[in-house]
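The values are calculated or read from the model by the stated rules, or taken from the named source; none is laboratory data. Only a predicted model underlies this, so the values are computations on that prediction, with no experimental measurement involved. Neighbour counts are summed over all protein chains in view; Cβ atoms, including those assigned to glycine, are modelled from backbone coordinates with ideal geometry.
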Amino acid sequence: MASLSLLPTFVSLSPPPSLSPSSSVTCLSPSRIHTVTVHSPRWPRSAKRSLVPRSTLDEVSVIDPPPPPPPSEPKSEFIESLKLKLLSSVSGLNRGLAANEDDLRKADAAAKELEDAGGLVDLSNDLDKLQGRWKLIYSSAFSSRTLGGSRPGPPTGRLLPITLGQVFQRIDILSKDFDNIVELELGVPWPLPPVEVTATLAHKFEVIGSAKIKITFEKTTVKTTGSLSQLPPLELPRIPDALRPQSNRGSGEFEVTYLDTQIRVTRGDRDELRVFVIA
């Protein structure tokens, strides 16, 4: 049998037609044809390894999973409960005129709970919620017993026969009008009946940052109501800025700390807490 190393340069190897224990290789040369038979090795049966894993059956203790926790209260219902808590804490305080120190603390704590649950106010997205006529139901500054709140204003009580009625804020987000509307009852000598008037303090407003509002005073208009409602409105002359006290320059800033379509909570530049409901 010829050796493969002695084959001439032109050799053609034809691959076996199938994989079998023995294969033939045909060697072509110009003068002879050699056929070389190659035997593939056979593996003994004992050399085969079993690939089937063995498994054992162990006893496993099955424990029932713990019951799921009770569903948490939906956020909307939680917010509603905090709103009710705030309204309850300020009810019966005559918008803050009858509030004592304990009442002020309770109202402030209830407002902070609502503010924390509601998150930060973004007026760039919620400016339309400011639109409308809002009724003031509480002001912490009214506990000072003056109509100016934390700023100088006429006192209430027996020194001046002035009775504070309803207080509103009228906001127009298109014209930027921001009007404080105050209903007053003025006492007159007996036997004349009290005079009812509505004072409108007109302002313009602008939004500063995400939740702060700056208002600038423009004018005050007084209109009689009741039996004297036929009288025309009276525009009061504006006090020159040079004669105004430093604490009341006709402008102010406050932050909206909670806002939805029903209730609005604000804190003034002197930490004055105010609560409004849509009228």
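Confirm whether Thr257 is farther than 25 Å from Leu104 by Cα, surrounded by 14 or more Cβ atoms within 10 Å (Cβ to Cβ) and among the polar types (S, T, N, Q).
no
Going by the conditions given, is Thr261 polar (S, T, N, Q), assigned to a strand (DSSP E or B) and modelled with pLDDT of 90 or more? Spell out the reasoning first.
Values: polar (S, T, N, Q): yes; assigned to a strand (DSSP E or B): no; modelled with pLDDT of 90 or more: yes.
Here the answer is no, as Thr261 does not meet what is asked.
Which is surrounded by 11 or more Cβ atoms within 10 Å (Cβ to Cβ) and at pLDDT below 90, of Arg244, Arg267?
Arg244
Please determine, by comparing only the residues of the stretch 207-230 that are among the basic types (Lys, Arg) and over 30 Å from the mean Cα position of the chain (by Cα), which one is nearest to Thr163 (Cα to Cα).
Lys223
Given (1) more than 23 Å from the chain's Cα centre (by Cα); (2) modelled with pLDDT of 90 or more, where does Val62 come up short, assuming only one miss?
(2)
Tell me which residues, restricted to the stretch 207-235, are in a strand (DSSP E or B) and in contact (Cβ under 8 Å) with a residue 60 or more places away in the chain.
Val207, Ile213
Please determine whether any residue of the stretch 193-206 is of a type in the set (Gly, Ala, Ser), more than 31 Å from the chain's Cα centre (by Cα) and either in a strand (DSSP E or B) or under 21 Å from Gly268 (Cα atoms) (or both).
Looking for residues that are of a type in the set (Gly, Ala, Ser), more than 31 Å from the chain's Cα centre (by Cα) and either in a strand (DSSP E or B) or under 21 Å from Gly268 (Cα atoms) (or both), one finds at least one in the stretch 193-206, hence yes.
Would you mind finding the one in Gly209, Gly187, Gly252 that is farther than 23 Å from Ile79 by Cα, buried (at least 16 other Cβ atoms within 10 Å of the Cβ), among the small types (Gly, Ala, Ser) and modelled with pLDDT under 95?
Just one listed residue meets the conditions, Gly252.
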